[in-house]
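Have a look at the structure below, then the notes.
Each value in this text was obtained by applying a stated rule to the coordinates, not by laboratory testing. Nothing here was measured: the structure is a model prediction, and the numbers come from that model.
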Amino acid sequence: LSSFTIPRSLLQSRMWGIIFVWAFWALIPAFAAAAPWVQAEDAGYLRLALSADEVEGLDAQRGDLYGEYGLTDWATLTLKAETVAYPDASDFNENGLRATLRARVFVINGFTGSAEVGALEGSAIGGRNGCETLGGEARTGLGWSGQLLDIETYMFGEVAGRFHEDCRRERFEFGIGQRATENIWISTQFWSERGTQNAKSDKTQTELVWRG
């Protein structure tokens, strides 16, 4: 599996750029690696993403490494490390780490529900301005996969809360993807984040994913 990502719209912090994504270990459904779905037992997914952005007039270089591993058929471990570097303003450099456990709650007629909890630290994890200190995250999601107008399709929505001693975030995520050809999927996701300490951030992103 390999893919590349091109954001369609800007964060309210005026961030834009081109993101190149390499997913180099994958034993997953086409719509996994996010949202309510879990990995099969002992299956995994590993992705490296690099981007060049501009935030408030400053050039930024962003990288993130994300992985999933199926502990059982209903529970998946996720890990993410992210860093943002500003070559001309290193005082603004950010890093972040996050680890969660996602559990499948139900599967009914193509719908999948999940619950997820974990810990995170570092302002790079999040939208425009993440929370710096160690905190907790809780989220729940609902996804559907099946045929829509004879096209293989998936859709999902998630609600998440991130809680730190002096900082809070509420995050909403929605997405849809469809198989364009035998090996190519097109997916679009929207994130909206609110909370304390200048948290307002919105982003839309479209991906073309090739599956060999």
Linear extension gain, THR83 paired with LEU48, 0.36 nm per residue minus alpha-carbon span: 11.4 nm
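Averaging the inverse of every distinct alpha carbon separation and then flipping it gives the Kirkwood radius. What is it for segment 108-212, in angstrom units? Mind showing how you got there, number by number?
Values: mean 1/r = 0.0657 Å⁻¹.
15.2 Å is the Kirkwood radius here.
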Karplus (6.51, -1.76, 1.60) ³J(HN,Hα), θ = phi - 60°, over segment 79-91, in Hz, Gly and Pro reported as x: 9, 9, 10, 9, 9, 10, 10, 10, x, 9, 7, 5, 5
Gyration tensor over alpha-carbon atoms, segment 153-212, equivalent ellipsoid semi-axes in Å: 31, 10, 9
Extension gain, GLU170 back to ASN183 (0.36 nm per residue minus Cα-Cα distance, nm): 1.2 nm
Isotropic mean projected area of the C-alpha convex hull, segment 40-91 (nm²): 4.3 nm²
